[in-house]
Amino acid sequence: MKPLGKIIGLLAGASLLVYSITVNLVMTTLGSTTWQVAKDFAISVTADIVAEYLKPTDTSQETLTKTEQQLAELNKKIDGLKEQNGSSPQLQTEFKQLTDTLNQMYQEMDQTFTQRQQQMEDHLASIREVQQQLETTTSSEKSVQFPISYQFRPAKDKTGQFQTLSNGSILQSGDTYKVIFTPNETLYVYIFQKDASNQIQRIFPMTEFKGVQVNNHNPVAANKQYILPAKTKSFRLDNTTGTEKIYFIASRYQDAVLENLPTTLTLPKTKEATVALFEQTKGFSDIIEDNHLVTLQWQEEQQDMTAVLNTKLESCDGCVNTLTFVHQ
């Protein structure tokens, strides 16, 4: 809970600054109309940020992003008006005081969000660790085995032939890739990718991909082939190079933690505790060769594509399989 005196002080300071700006705008003869627009926008931004700052509920990442954009737009507008119309030194000082105050409030909102997020991640990591320990000590389930394949196609390859993506593979910016698996029983599948920019993206379950409805939900059905992101779509590497990882978890039980994580997480705001959610393992998990070859054909970007699927997942229930490749 925020100290009442600090809140009153911030509100009083913002109110006095807005009032002072209004008086100066009436008195100044330098671009009074355009400065009035700037003042109205400043008051609007102030109202929004104060309202969000005083909300008893948690501040969302969307609110922080909106606030940051509002502040950037306000500063840009003030700078532009200074160049075009000029202003008295006093007026410039008062606008600076206002934006400084708003920035201080934004930083406190951001700090509160970060602390809450870190606490949440610590709790989730603990919950999942206990959950895995319980499953290990109480479960006598057989291992999970079914066909799975990571496939990629170099951007310079015009043949439409996908290749097997395995640990240590080297890909280039612009290369495309897919994840293909066919569970042999009803399971819960969770797939996350940590890219070279330290962003963690959930790629299963997934409702839509770049405007295409894919509706990949849990639990997955037995003997149904899943192609990610979609049969006619592929993931494409951006221009940020480095090490990339794909985490694949298959379990006979729903994982409440992984099921409810945000679709996108970003490090370093996201603590290593969150990465550990995907890397925690309680036993063996590997992708091995499968003697049963399957040739998959489809059309993508108006071109015929082909992939030979010849690997399978062999894993204990709920264990994490990690595929690591290099993005150059």
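Overview of results
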item	result
Yes/no for residue 246 being surrounded by 13 or more Cβ atoms within 10 Å (Cβ to Cβ), modelled with pLDDT under 90 and under 22 Å from residue 189 (Cα atoms)	no
Residue match in region 166-184 (condition: at pLDDT 90 or above, buried (at least 21 other Cβ atoms within 10 Å of the Cβ), within 24 Å of the chain's Cα centre (by Cα) and assigned to a loop (DSSP other than H, G, I, E, B))	yes
Scan of region 169-188 for residues that are of a type in the set (A, V, I, L, M, F, W, C) and either closer than 13 Å to residue 325 by Cβ or not assigned by TED's automatic domain parsing to the domain that holds residue 146 (or both), ordered by number	170, 171, 179
Residue list for region 257-315, filter: of a type in the set (D, E, K, R), surrounded by fewer than 16 Cβ atoms within 10 Å (Cβ to Cβ) and either more than 25 Å from residue 188 (Cβ to Cβ) or at pLDDT 85 or above (or both)	269, 289, 301, 304
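The values are calculated or read from the model by the stated rules, or taken from the named source; none is laboratory data. Source: prediction; values computed, not measured. Here Cβ is always computed from backbone atoms with ideal geometry, including for glycine, and neighbour counts include all displayed protein chains.
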